[in-house]
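First the structure, in the form of structure tokens, and then the observations on it.
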Amino acid sequence: MRTIAVAAAVVGALALAGCGGGGSGSDGPLTVYSGREEELVAPLFEKFTDATGIDVEVRYGDSAELAATIAEEGSNSPADVFFAQDPGSLGAVDAQLEALPSETLDRVSARFRDAEGRWVGTSGRTRVLVYNTGQLSQDELPASVLQLTEPAWKNRVGIAPTNASFQAFVTAMRLSLGDEKTEAWLEGMKANDAKTYEKNTPIVEAVASGEIDVGLVNHYYLSLVKEEQPDAPIANHLFEAGDPGSLVSVAGAGVLSSSDQTEDAERFVEFLLSEEAQQFYVDEAEENEYPLVAGIDPPAGLVPLDEIHGPDVELTAFGAELSSTVELLRKTGWLS
Amino acid sequence: MATAGRRPPLALALLAGAVVALLLLPLAYLVIRVADGGGRALDVLWDRSTLQLVVNTVLLVAGVVVAAIVVAVPTAWLVTRTDLPGRRVWAVAATLPLVIPSYVAAFCLLGFFGERGLLQQALGVDRLPDPTGYWGAVAALTLSTYPYVFLLAQAALRDLDPALEEAARGLGVSRLRVLARVTLPAIRPSVALGSLLVALYVLSDFGVVSLMRYDSLTRAIYVQYKSLFDRTPAAVLALVLVGLTAIALVFELRARTRGRLWRTGPGAARRARPVELGAARWPAVAWCGLVTGLFLVLPAGVLLYWLGRGISNDRRVVVPWDEAAHSLGASALAALVTVAAAIPVAVLVHRYPGPLARVLERLSYAGNALPGLVIALSLVFFAARYASPVYQTLGLLVFAYAVRFFPLALSGLDTGLARVSPRVEEAARGLGRGPLATAWLVTVPLVRSGALAGAALVFLSAMKELPATIILRPIGFDTLATEIWGATQVGAYSKAAIPALLLIVLSAPVLWLVHRDSGRLAESGG
């Protein structure tokens, strides 16, 4: 009994200590829901506080789960800013986001922001083919993602059909080549026994280990896996200009209309597009992403964004197109 | 049964009713979401792929339950009823996998058996069979759930009155037949309850089916939320999970022979004389070695390997003490709150059996097969709208744990109360003690081991809980589980190994407490 009493006392004290941080008053810290990993973006929040004196509280989670949370919270959401991994998560709650000031929006090219200005891209990533440099030389790599359905690639390709970034790429293919060609490609990949993974990191790991030879992923997972396995025999390959396989997408941020700290929230988004924050992606960030503001060069070793000609598609349309994409993935047996 | 048909005190009935009503909040949320979707809900239900998901899910549950019984029951018998060398050590080793989160188990199995994993490197071969899919999922889930069956079977075997078995032996029945006709039927209710806990765990688990790429209902629910942001189909599929829970409950009820487990005759139960294994002892030791090696040494070894790799790659080793304190505090609170909440329901079930008790007890399981994400979002829905002061507080997180792990507390109390004859309580009442004094002086000490076991199970589960923790924790309240998640998100296994090992090390003493307590109880009974 005594042990229980002691445990109860300890726990009670902890409970009191933990219960303090409930609601969000207007002079309290800024609340950011971040679908971007703490490992990658925590320094950005510190830089913001250093630059502005505004304290930030960050709720880290999966972008889509945070979008679902914001949707369930409705107008009582404690969040002021939603900082998400992909346009899809931002699009899912765009009805709850307010239009950003045009000075902020204009820092980024129109193809990297919401058509109605409710969210803006803050960093860019390209879709690439990651390949095992021990198994393949550069001239053996396909020029187009469409070639991956050829018999030569049977059993050698990894994809992540349940992952948002793969689905965005399929949407890009649908919008640029049409549903019929996309369906044929998906069926061809099925016939070629492409291996499925839950998300990008395990694909890159599988390529590194030789389990598969190539995989369709975002470019920056390469550097994350190299961090863990410095000698991994892996490299990224870009498809030819206009190929849906070289889609450029963004992580982005928006301000919630239910926020009672709109001004601070807007300052935060503005900060993400400041020279300091954009330079962070170049100099410090582990994940090797593209800055989006003009005049800032990408990290060494990356092909500059304006030399990558992805498919001619609007990121804003992706949210509305997603259900048709998933329908097609179901029809072709990639999703249940 | 002497007490059947007695009407429960109103206060008790109301209290139990209120507890169960709170447990049903996630169900209410699902009904609201399905109603929002209108006719679309029916389309999802009749979709061919939904049927396929149900079949996949049922196959997975069946596979894991069978595997858990095959692993747990023989091991439990060996360590409690035989002269197996080192049986105390084997008993502790067999329960320890309970502290390994299932997603960590899956990571470790893949790290070992996976292509270019440790095994393949060691053997130097080109290809090994693909460990993902159905069998991989069964293996990882068996690892993390068989201790439920083991613990309950072990307790039942230890408390079993040897008089019955001895009588059968005296009548010339062979040892094997006694095992099959007397011993196994006697522990069947405990094994059934353990299997129910296993089944509920499997139904709700997302980590394993995701890593092993097995299409179950839970995985489909996540896909609906995560890539489609569509809450209606997710809610429909979640209600299908509730339907499967109902079926599991019916099975469990059938397997549970609702007989008396307490002794009615004079005298106390003795401990059984251990069976002498003789030459069979070495195969028996080999069996225990296999179980421990596969389910404990292997995952721990893989974690240590990753830790070593991280150190040799010059990763900074930071021990997450704050996160550990958060995990311990929240889990201890959850254990206390959940057991306290389960007491009125357990007392109602055991002392005032009847339709009300039966309905409340069965309803308390209803939400238990729901994935943590669904439970979390349902609490987000209610708390953000109608109880904003508690939203994103530790209190709500603890409440979520209580909703998820209520049956564990109930099962602990259940086994405790089932062993206390109401006659002992009646005797106290007959001596002029009031009902509260009787409960305090007689029932509480007697069910203490059950309550402790229930609290320990809730504590261990809360330590491992991830999906609801991510969403409902107060801002900045990182736990060991969220640390592991954060590191694996970016593929930093060497970084994930530290919180994972710490989680295991901190959880293990709680298991030891349970062992020590039940051991002492058994000794004083003998």
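The table for this structure:
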quantity	calculated
Close pairs (8 angstrom Cβ cut-off, 6 or more residues apart or separate chains): within 12 Å of chain A (Cβ to nearest Cβ) and within 15 Å of B:Val99 (Cα to Cα) in segment B:484-510, assigned to a helix (DSSP H, G or I) and at pLDDT below 85 anywhere	B:Ala497/B:Gly310
Evaluation of B:Ser461 against (1) buried (at least 20 other Cβ atoms within 10 Å of the Cβ); (2) within 14 Å of chain A (Cβ to nearest Cβ); (3) modelled with pLDDT of 75 or more (one fails), failing number	(2)
Matching option when the condition is of a type in the set (S, T, N, Q), within 16 Å of A:Gly124 (Cα to Cα), part of a helix (DSSP H, G or I) and modelled with pLDDT under 90, among A:Thr325, A:Thr316	A:Thr316
Failed condition for A:Leu224, given (1) closer than 20 Å to A:Gly301 by Cα; (2) surrounded by fewer than 22 Cβ atoms within 10 Å (Cβ to Cβ)	(2)
Segment A:213-244, residues that are within 14 Å of another protein chain (Cβ to nearest Cβ) and outside any helix (DSSP H, G or I)	A:Asp213, A:Gly215, A:Val217, A:Asn218, A:Tyr220, A:Gln229, A:Pro230, A:Asp231, A:Ala232, A:Pro233, A:Ile234
Residues of segment A:176-209 that turn out to be modelled with pLDDT of 90 or more and more than 20 Å from the chain's Cα centre (by Cα), as a count	23
Qualifying positions in segment A:84-96 - in contact with a Phe, Trp or Tyr (Cβ under 7 Å, 6 or more places away or on another chain) and among the hydrophobic types (A, V, I, L, M, F, W, C)	A:Leu90, A:Ala92, A:Val93
Tally of residues being crowded, with 24+ Cβ neighbours inside 10 Å, under 17 Å from B:Ala28 (Cβ atoms) and within 7 Å of chain A (Cβ to nearest Cβ) across segment B:374-401	2
Segment B:371-391, subset modelled with pLDDT of 90 or more and not in a helix (DSSP H, G or I), residue nearest to the chain's Cα centre (by Cα)	B:Pro371
Residues being assigned to a loop (DSSP other than H, G, I, E, B) and at pLDDT below 95 - total across segment A:96-111	4
Any hit, segment B:154-167, residues being more than 20 Å from the chain's Cα centre (by Cα), more than 14 Å from chain A (Cβ to nearest Cβ), under 18 Å from B:Ala67 (Cβ atoms) and hydrophobic (A, V, I, L, M, F, W, C)	no
Residue ID - surrounded by the fewest Cβ atoms within 10 Å (Cβ to Cβ), chosen from residues in segment B:318-351 that are within 14 Å of chain A (Cβ to nearest Cβ) and not in a helix (DSSP H, G or I)	B:Val318
Count of segment B:108-128 residues which are over 20 Å from B:Ala67 (Cα atoms), assigned to a helix (DSSP H, G or I) and not small (Gly, Ala, Ser)	6
Count of residues meeting criterion [in contact (Cβ under 8 Å) with a residue 12 or more places away in the chain, more than 21 Å from A:Pro161 (Cβ to Cβ) and over 20 Å from the mean Cα position of the chain (by Cα)] in segment A:302-336	0
From the options A:Glu270, A:Glu240, A:Glu307, residue that is closer than 22 Å to A:Gly35 by Cα, charged (D, E, K, R) and surrounded by fewer than 23 Cβ atoms within 10 Å (Cβ to Cβ)	A:Glu270
Residue match in segment B:378-396 (condition: basic (Lys, Arg) and touching a residue at least 60 places away in the same chain (Cβ under 8 Å))	no
Near pairs, Cβ below 7 angstrom, 6+ apart or cross-chain, from segment B:114-143 (under 19 Å from B:Phe206 (Cβ atoms) and more than 11 Å from chain A (Cβ to nearest Cβ)) to any residue that is crowded, with 19+ Cβ neighbours inside 10 Å and of a type in the set (Asp, Glu)	B:Leu141/B:Asp205
Residue check, A:Val170 crowded, with 20+ Cβ neighbours inside 10 Å, part of a strand (DSSP E or B) and either among the aliphatic types (A, V, I, L, M) or in contact with a Pro (Cβ under 7 Å, 6 or more places away or on another chain) (or both)	no
Residue within segment A:112-132 that is without any contact (Cβ under 8 Å) to a residue 60 or more places away in the chain, outside any loop (DSSP other than H, G, I, E, B) and of a type in the set (A, V, I, L, M) present	no
Residue in segment A:188-198 that is in contact (Cβ under 8 Å) with a residue 40 or more places away in the chain, of a type outside the set (Val, Ile, Thr), in a loop (DSSP other than H, G, I, E, B) and surrounded by fewer than 20 Cβ atoms within 10 Å (Cβ to Cβ) present	yes
Options A:Arg118, A:Arg107: the member that is touching a helix residue (DSSP H, G or I) at 6+ places or on another chain (Cβ under 6 Å) and away from every other protein chain (no Cβ under 14 Å)	A:Arg118
Condition check for B:Val61: away from chain A (no Cβ under 14 Å), in a helix (DSSP H, G or I) and in contact with a Ser or Thr (Cβ under 6 Å, 6 or more places away or on another chain)	no
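To keep it simple, each residue is scored yes or no on (1) closer than 23 Å to B:Trp512 by Cα; (2) assigned to a loop (DSSP other than H, G, I, E, B).
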{"residue": "B:Asp130", "(1), (2)": "no, yes"}
{"residue": "B:Leu143", "(1), (2)": "yes, no"}
{"residue": "B:Leu152", "(1), (2)": "yes, no"}
{"residue": "B:Glu165", "(1), (2)": "no, no"}
{"residue": "B:Val182", "(1), (2)": "no, no"}
{"residue": "B:Leu197", "(1), (2)": "yes, no"}
{"residue": "B:Arg213", "(1), (2)": "no, yes"}
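Quick grid of which residues meet (1) hydrophobic (A, V, I, L, M, F, W, C); (2) modelled with pLDDT of 90 or more:
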site: A:Lys226; (1), (2): no, no
site: A:Ala241; (1), (2): yes, no
site: A:Leu247; (1), (2): yes, yes
site: A:Val250; (1), (2): yes, yes
site: A:Ala253; (1), (2): yes, yes
site: A:Ser257; (1), (2): no, yes
site: A:Asp260; (1), (2): no, yes
site: A:Glu263; (1), (2): no, yes
site: A:Phe268; (1), (2): yes, yes
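One line per residue, one yes/no per condition, for (1) buried (at least 16 other Cβ atoms within 10 Å of the Cβ); (2) at the interface with another protein chain (Cβ under 7 Å from one of its Cβ atoms); (3) in contact with a Gly (Cβ under 7 Å, 6 or more places away or on another chain):
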| residue | (1), (2), (3) |
| --- | --- |
| A:Glu39 | yes, yes, yes |
| A:Pro43 | no, no, no |
| A:Val56 | yes, no, no |
| A:Glu72 | yes, yes, no |
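The values are calculated or read from the model by the stated rules, or taken from the named source; none is laboratory data. Just so we're clear, the structure is a prediction, and the values are computed from it rather than from any experiment. Please note: Cβ atoms are built from the backbone with ideal geometry, for glycine as well, and neighbour counts cover all protein chains shown.
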